[in-house]
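Let me begin by presenting the structure, written as structure tokens, before commenting on it.
The values are calculated or read from the model by the stated rules, or taken from the named source; none is laboratory data. What you see is a predicted model; the values in this text were computed from it and never measured. Cβ atoms come from the backbone with ideal geometry, glycine included; neighbour counts cover every protein chain shown. Just the protein is used for accessible areas: all its heavy atoms, side chains included, with ligands, DNA and RNA removed. Shrake-Rupley method; radii C 1.70, N 1.55, O 1.52, S 1.80 Å.
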Amino acid sequence: MGGVICALCVVVMLSGSIIPAATFCAPALAGALLMAVAVDAGMKQAWTCYGVVALVSLLFVPDKEMALFFALLFGYYPLLKAYLQRLPGHVMPFCCKLAVFNLAVVAVYSLLLFVFPMPGLVEEFAESQPWMLAVLLVLGNVSFVIYDSALFHVVHLYVRRIRPRLRHRTH
């Protein structure tokens, strides 16, 4: 199962390179697919799949921004979420999730602007007003909270509806 999901994740990432608006959607979807591996094969195999897909994406996906977002956030976050949910209370997990998101966004754009500069992105950031970048970060946080909530519902849907049908067909 892990190999099939890895291949599907890579296809999603490569397909995302074709659609300019998929810079964030493709890695988010690919990361969500890894939750099926975690549920059916365990976290160890899911983390291995994440590593494989991250490496293949960084090597072969033309859109490096998308590949970095998978490798530095959306690929591991659905797996990390399982651990963060175990933290006590409601505030601590929420704050940790937002910290992970914001640190990952800063890491991705620091790499893309300063370490492996992409001329178009550097120019776009240079032309943007600081307040606009702050607004984009706030909107990114809102989108991430929605994504986080959606992951819970996707796992629930997989466990309750999809998994039983897959198991029924394989027996």
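Treating region 37-95 as a set of equal point scatterers at the Cα positions, no solvent, please give the Debye-formula log₁₀ I(q)/I(0) at q = 0.21, 0.24 Å⁻¹.
With no solvent term, the Cα-only Debye profile gives -0.82, -0.92.
Would you please name the chymotrypsin sites (Phe, Trp or Tyr not before Pro) within region 102-171 that are DSSP coil residues with at most 12 other C-beta atoms within 10 Å of their C-beta? Before the final figure, lay out the partial values.
Working: sites: Tyr109, Phe114, Phe125, Trp131, Phe144, Tyr147, Phe152, Tyr158; in loops: none.
Here no loop site has a sparse enough neighbourhood.
When the dipole is taken about the Cα centre of the chain, and only Lys, Arg (+1) and Asp, Glu (-1) are charged at their Cβ, what size is it in debye, to the nearest 20?
Working: 11 positive and 7 negative charges, 230 e Å.
For this selection, approximately 1100 debye.
Under a 1.4 angstrom probe, counting protein chains only, how are Ile19, Ile162, Ile5 ranked by accessible area, largest first? If you can, show how the numbers build up before the last one.
Values: Ile19 100, Ile162 75, Ile5 20 Å².
Ranked from most to least accessible, the order is Ile19, Ile162, Ile5.
Express the carbon and sulfur contribution to the solvent-accessible surface of the chain as a percent, rounded to the nearest whole number, probe 1.4 angstrom.
Working: 7420 of 10070 Å².
Carbon with sulfur: 74 percent of the solvent-accessible area.
When only C-alpha pairs under 8 Å and at least 6 residues apart count, what is the relative contact order of the chain, in percent?
Numbers: 153 pairs, mean separation 34.0, N = 171.
Taking the mean separation of contacting Cα pairs over the length of the chain, I get 20 percent.
Over its Cα atoms, what ratio of radius of gyration to 2.2 N^0.38 Å does region 1-132 give?
1.11
On a 1.4 Å probe surface of the protein chains, which of Met66, Met118, Met92 comes out largest in accessible area, and what is the full order? Numbers along the way, then the final one.
Working: Met66 0, Met118 60, Met92 95 Å².
The ordering from most to least exposed comes out as Met92, Met118, Met66.
Calculate the radius of gyration of the Cα atoms of region 85-171 to one decimal place, then report Dmax, the largest Cα-Cα distance, as a whole number, both in Å.
Taking only Cα atoms of region 85-171, I get Rg and Dmax of 18.8, 59 Å.
Please give the per residue accessible area of the chain, computed with a probe of 1.4 Å over protein heavy atoms only, in Å². Present the calculation step by step, with values, prior to reporting the outcome.
Working: 10070 Å² over 171 residues.
That works out to 59 Å² per residue.
Anything in the chain that counts as a DSSP H helix reaching 27 Å or more along its axis (C-alpha) with Kyte-Doolittle mean of at least 1.0? List them, would you?
Working: long enough: 91-110 (28 Å, 1.77); 130-157 (40 Å, 1.59).
Result, helices passing both filters: 91-110, 130-157.
In terms of Cα to Cα distance under 22 Å, which lysines are near enough to Lys97, apart from those fewer than 8 places away along the same chain?
Lys44, Lys81
Let me check something: with ligands and nucleic acids excluded, how do Glu65, Glu123 order by accessible area (1.4 Å probe), largest to smallest? Display every interim value, and only then the final one.
Details: Glu65 30, Glu123 110 Å².
Accessible-area ranking of Glu65, Glu123, largest first: Glu123, Glu65.
Taking the Cα centre of each part, how many Å lie between region 119-149 and region 4-56?
Their Cα centres are 23 Å away from one another.
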